[in-house]
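> Sharing a structure with you now.
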Amino acid sequence: MRSKGMVGKFSVRENPSPRRPTSRVKCDENRWVDNCSRLTNACPIREQFFFFGLSTFSWNVNGVRSRIVEIRDFIDKHSPDIFLLQETHLRPEHSFKIPNYVCCRNNRTYPAPGRGGTVILIKNSISHYHVPTPPLLRGVEVTLITITPIDHEPILIGSIYIPSNNSYFRNLGATLDAIFNINNKTVLVGDFNAKHTSLGCHCSDTRGNRLYSYTVNNSIDVFAPPTPTRFGVASASIIDYALIKNLNWPCTINSIPELSSELNPIKLHFPRTSKF
């Protein structure tokens, strides 16, 4: 456990006002701040590409098939390098393809309606490979890839979804260990269904307390946007985060007031020139 930063330094913003996303820059003192549709060992394009800032978007889509046009329009507008989706509701017989992107996905693991499934869309010009999902994650769903910049160590990227069921958080430590132990440098983004006051929420729940304890004890940075990601009838909260381990790139994170789900997409941007 690192000595820098306790709860008092984690606060994002008290009583965040909905729909006014602003940037938040990572600093050293802010410590708490299945399967591939095209399975490859690396991106087939071997030329060198320079990315002036690596942009990763994440969104709980709550059903891909009913929002495919919206997703394509969003991609045309923002051109994300990596787009992480949760609650896709995709089954093996469902096709999901986006031009100029490689799609890696984990389909729904149980038949209950309204939940399940994760996807990673990554530009086909970015060198990467698919990483099999660790077995026995106990209700936690995740799709994983590793990007391989020429000028940097490999980075594991994950799209994660944890249903709002306390029983899935009882083994949270073992589940996250199985993911973070895959690679030294990891970026895990998605819908955690967990609230904590240190991340700008009005209250902390059991899931948020367990997530907080795990990240502090394992020296993992947690980044939350300064404005809500989920909007209910009379409430707003932040439940979508980025968990980052051993990656010292500066970054910003925003909640983007677009798309039709009750959850906003979030944008995690690394303003660093990367070579692939």
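> Exposure proxy check: ASP81, ASP73, ASP191 ranked by fewest other beta carbons within 10 Å? Write out the running numbers ahead of the final one.
Numbers: ASP81 22, ASP73 13, ASP191 29.
So the ranking, lowest neighbour count to highest, is ASP73, ASP81, ASP191.
> Could you give me the radius of gyration and the Dmax of the range 140-206, taking only the C-alpha atoms into account and expressing both in angstrom?
14.0, 43
> Based only on other Cβ atoms within 10 Å, what is the fewest-to-most ordering of ILE68, ILE75, ILE160, ILE120?
On the way: ILE68 14, ILE75 18, ILE160 24, ILE120 27.
Going from sparsest to densest Cβ surroundings: ILE68, ILE75, ILE160, ILE120.
> Let me ask you something else. Translational diffusion coefficient of the range 136-249 at 25 °C, 0.890 mPa s, Stokes-Einstein with Kirkwood Rh over Cα pairs, in µm²/s as a whole number. Please report the intermediate quantities before stating the final value.
Working: Rh = 14.6 Å.
D = 168 µm²/s.
> To continue, here is another question. Using 5 Å bins from zero, what percent of all Cα-Cα pairs in the range 198-276 falls into each bin?
P(r) over the range 198-276, rounded to whole percents: 3, 13, 21, 22, 19, 12, 6, 2, 1.
> Among GLU258, GLU87, GLU153, GLU93, what is the fewest-to-most ranking by other Cβ atoms within 10 Å?
GLU93, GLU153, GLU258, GLU87
> Considering the dipole of the range 149-276 built from charges on the beta carbon (Lys and Arg +1, Asp and Glu -1) around the Cα centre, which of VAL187, PHE231, LEU176 is farthest to its positive end?
Ranked along the dipole, the leading option is LEU176.
> Sticking with this structure for a sec: How many angstrom lie between the Cα centre of the range 227-243 and the Cα centre of the range 58-101?
The range 227-243 and the range 58-101 have Cα centres separated by 20 Å.
> Regarding the range 60-109, what's the average projected area of the Cα-atom convex hull, expressed in nm²? Before the final figure, lay out the partial values.
Details: hull surface 13.9 nm².
Mean orientational projected area (the range 60-109, Cα hull): 3.5 nm².
Every read-out reported here was derived from the displayed coordinates using simple, explicitly stated rules and does not represent laboratory data. Just so we're clear, the structure is a prediction, and the values are computed from it rather than from any experiment. Here the Cβ is made from the backbone with ideal geometry for all residues, glycine too, and neighbour counts use every protein chain on show.
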